[in-house]
Every structure is written in C-alpha cells, then in structure tokens.
Amino acid sequence: MGFYFLAIFVAMPIIEIAVFIQAGELIGLWPTIGIVILTAVVGTSLMRAQGLQTLARAQAQMDQGEMPIGELFDGICILVAGVLLLTPGFVTDTMGFLLLVPPLRRAVGAGVIMKLVQSGNIRTNFSRRTYGNPGSSSGGASARPGRRPGSGPIIDGDFENVSPANGNGEGRDGTGHDTNDDDPRNLPPKNL
C-alpha cells in the first residue's frame, strides 16, 4: 500500500508537468493558467453546493433514525474532490470533477465497500437500528437504540370517573369528598 502512495506522489507531478507543457504548446501559457484557475473556482463552488446538499440529506436521515452511511462516503468523496480541484493541474482537476458526479461516486463507494468486505476489514450488519428519536432533530437522551416510536409496552387498564357527583366541585356530602366509606380511596392509610 505504501508503494502505491509513493508511486502516486512521484508520478502525479511528472504527469501534471507533461500535461501543462502540452496544453501550453497547444493553447498558450495564459489560457492554460486561466483554465487551471477557472477549474479551481468552479470546482470549489460545485463542491460547496454538493457538500451542503449531502449534509442536509445526512441530517434528514439521522432525524429518521437511520445512519447516513452513503452520505458520509459522499462527504469524504466531495472533500477529496475539493482537494484535487484546488491542486493545480489538469489530471487532478479531471479526477476531482469525476468525484463530483453522484453516479460515479456511488460506483466508487460500492467498489470500496466490496473491497473492504472481501478483505475482512469491515463487517456488514443488515439489522435496522434507530439511533435517535425520529421526528426530533436532537435524538436526545430519551432515544433508545433499536426502538421505534409506538413500540413501547402496552398498558391496558380501566378507568372510573372520580369527578364530583353534582358537577359544581363538591362531592355528595358538599365537602368535595365522597361519603362512601366502603370505597378504599376514602379509608385512612395503613401504617406499615
């Protein structure tokens, strides 16, 4: 792996210099420099727009209780694209622009994930977990992993209307208390 990075680190400047020389001979020095600056400006604005869209999608997925794995990978690709676009050169600009194309980004992501799964460096788990309270933007402390709203325990019960009998705030004896001494609610507390 280290050899590949060394080869890229040494080969990339040589390739970029060769392409600069060819472009300079073909269109001239100043147009070549202008194109390099223009690609950096356009690439930066595209990177910013796509980065904000990716962030919004990631937040929406987290609000729904889902992990935004695809959006995280998109964010990494957009960051790498930004670095490549800011690096002067036609080859790096081309690679940066390719990373800003969403279908190509997904293809790269699928390839990277498959490579990691095959190498054993990553495990997949297909169970769905909820990491926040769907519908809230904070996913506060009350949110429990693996729980969906409405999936809590069901409590069945009956109720009895204990409002005053005559409707004017007074009980049957006029004091606000029920006069039925047999009712367990009216008995004095037991000393334990």
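The requirement of being over 21 Å from residue 17 (Cα atoms) and either over 15 Å from the mean Cα position of the chain (by Cα) or in contact (Cβ under 8 Å) with a residue 60 or more places away in the chain (or both) is not satisfied by residue 53.
Condition check ((1) under 21 Å from residue 101 (Cβ atoms); (2) hydrophobic (A, V, I, L, M, F, W, C); (3) surrounded by fewer than 11 Cβ atoms within 10 Å (Cβ to Cβ)) across all residues:
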position	(1), (2), (3)
4	no, no, yes
7	no, yes, yes
14	no, yes, yes
20	no, yes, no
26	no, yes, yes
35	yes, yes, no
40	yes, yes, no
51	yes, no, no
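The residues listed here are 90, 73; of these, the one that is touching a Lys or Arg at 6+ places or on another chain (Cβ under 8 Å) and under 25 Å from residue 8 (Cα atoms) is 73.
Would it be correct to say that residue 95 is at pLDDT 90 or above, outside any loop (DSSP other than H, G, I, E, B) and out of contact with any Asp or Glu (no Cβ under 6 Å at 6 or more places or on another chain)? Considered against the rule, which asks whether it is at pLDDT 90 or above, outside any loop (DSSP other than H, G, I, E, B) and out of contact with any Asp or Glu (no Cβ under 6 Å at 6 or more places or on another chain), residue 95 comes out as yes. A count restricted to segment 56-78 and to residues that are more than 14 Å from residue 112 (Cβ to Cβ), assigned to a helix (DSSP H, G or I), without any contact (Cβ under 8 Å) to a residue 12 or more places away in the chain and of a type outside the set (S, T, N, Q) stands at 2.
Restricting attention to segment 79-89 and to residues that are in contact (Cβ under 8 Å) with a residue 40 or more places away in the chain and not in a helix (DSSP H, G or I), the residue that is surrounded by the most Cβ atoms within 10 Å (Cβ to Cβ) turns out to be 89. Looking only at residues in segment 58-78 that are in contact with a helix residue (DSSP H, G or I) (Cβ under 6 Å, 6 or more places away or on another chain) and either acidic (Asp, Glu) or buried (at least 18 other Cβ atoms within 10 Å of the Cβ) (or both), which one is farthest from residue 35 (Cα to Cα)? Within segment 58-78, the match that is farthest from residue 35 (Cα to Cα) is 68.
Inside segment 6-41, can you point out the residues that are free of Cβ contacts under 8 Å to residues at least 24 places away in the same chain and closer than 30 Å to residue 69 by Cβ? 8, 9 - these are the residues of segment 6-41 that are free of Cβ contacts under 8 Å to residues at least 24 places away in the same chain and closer than 30 Å to residue 69 by Cβ.
The values are calculated or read from the model by the stated rules, or taken from the named source; none is laboratory data. Bear in mind that the values here come from a model prediction, so they are computed numbers and not experimental data. Reconstructed Cβ throughout: ideal geometry from the backbone, glycine too, with neighbour counts over all protein chains shown.
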